[in-house]
Amino acid sequence: MKQRILVLFIFIFTFAQGKTEGLDRYFASKGLTDVSRMDTSIHVLLKYATTDNLFNKAVYTGIKGIWLHPDAASKLIRAQKLLKEKHPAYSLIVYDAARPASVQKKMWDLARSANQTNYVSNPAKGGSLHSYGMAVDVTIVDRGGKPLPMGSPFDYFGEKAHINKEDVLLQSGKISPEEYANRRLLRQIMQQAGFRTILYEWWHFNACSREEARKKYILID
């Protein structure tokens, strides 16, 4: 019951707020909610709205908020609460949340030209859960806003970003015990809040399965 009340409150709160950015307005019109207005302790740095990403260029603009479906939004707020209970000085920082399917196609085309399609969901095959507002890219920052070391940067597409290789990476010295522990902490709080992991990106978390998204949620085009 408490979970349903939170989701309903998030939905109502979002539509009560005036947004000025184009993509922010678009996401609000699709029933998504801006988590950054619900919990201001969560940091925001939307990497794909900057040049600091795999593609070295902004792939979307007109956005400032952390937009997610209310079901995913409530889980992210829960994850922040769990993290604060364990480490009051830490906070989550979001690098990417909802993105339209049109942006996903743009990213796919860029990845294809760079021969990096293994790391970007093909829009022709259902695309990414980001396009349902049901996925988030996230890490942890300290009190000063500095990201904790995780053994690889965000958008690092190689073995060091794979969560199923962490024990081997630790044993071989490719990631440190601190980096190993930080990745485990991030996964622990995100999974406890109801998110799912993927194998190749330590920063990416899904709020449901792809099959569930197709059945229950609207693809944001």
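The values are calculated or read from the model by the stated rules, or taken from the named source; none is laboratory data. From a predicted model like this one, the values you see are computed outputs, not experimental measurements. Here the Cβ is made from the backbone with ideal geometry for all residues, glycine too, and neighbour counts use every protein chain on show.
Scan region 145-157 and give yes if some residue there is surrounded by fewer than 21 Cβ atoms within 10 Å (Cβ to Cβ), modelled with pLDDT under 85, in contact with a helix residue (DSSP H, G or I) (Cβ under 9 Å, 6 or more places away or on another chain) and not aliphatic (A, V, I, L, M), otherwise no.
Yes, because at least one residue in region 145-157 is surrounded by fewer than 21 Cβ atoms within 10 Å (Cβ to Cβ), modelled with pLDDT under 85, in contact with a helix residue (DSSP H, G or I) (Cβ under 9 Å, 6 or more places away or on another chain) and not aliphatic (A, V, I, L, M).
Within region 49-81, how many residues are within 19 Å of R143 (Cα to Cα) and either surrounded by fewer than 16 Cβ atoms within 10 Å (Cβ to Cβ) or modelled with pLDDT under 95 (or both)?
Count: 1.
Quick one: is D96 of a type outside the set (A, V, I, L, M, F, W, C), under 26 Å from G144 (Cβ atoms) and in contact with a strand residue (DSSP E or B) (Cβ under 6 Å, 6 or more places away or on another chain)?
yes
One line per residue, one yes/no per condition, for (1) at pLDDT 85 or above; (2) not acidic (D, E):
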| site | (1), (2) |
| --- | --- |
| L6 | no, yes |
| D24 | yes, no |
| F27 | yes, yes |
| M38 | yes, yes |
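Across region 199-209, what is the number of residues that are surrounded by fewer than 16 Cβ atoms within 10 Å (Cβ to Cβ) and under 19 Å from D71 (Cα atoms)?
1
Read through the list (1) of a type outside the set (D, E, K, R); (2) in contact with a Phe, Trp or Tyr (Cβ under 6 Å, 6 or more places away or on another chain); (3) not in a helix (DSSP H, G or I), then give the number of the only condition that F27 fails.
With (1) of a type outside the set (D, E, K, R); (2) in contact with a Phe, Trp or Tyr (Cβ under 6 Å, 6 or more places away or on another chain); (3) not in a helix (DSSP H, G or I) applied to F27, the lone miss is (3).
From R112, R78, R99, R143, grab the single residue that is within 14 Å of I220 (Cβ to Cβ) and basic (K, R).
Among R112, R78, R99, R143, only R99 is within 14 Å of I220 (Cβ to Cβ) and basic (K, R).
Here's the yes/no breakdown for (1) touching a residue at least 60 places away in the same chain (Cβ under 8 Å); (2) touching a Phe, Trp or Tyr at 6+ places or on another chain (Cβ under 9 Å):
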| position | (1), (2) |
| --- | --- |
| A135 | yes, yes |
| G144 | no, no |
| D155 | yes, yes |
| A161 | no, yes |
| S176 | no, no |
| R183 | no, yes |
| E212 | no, no |
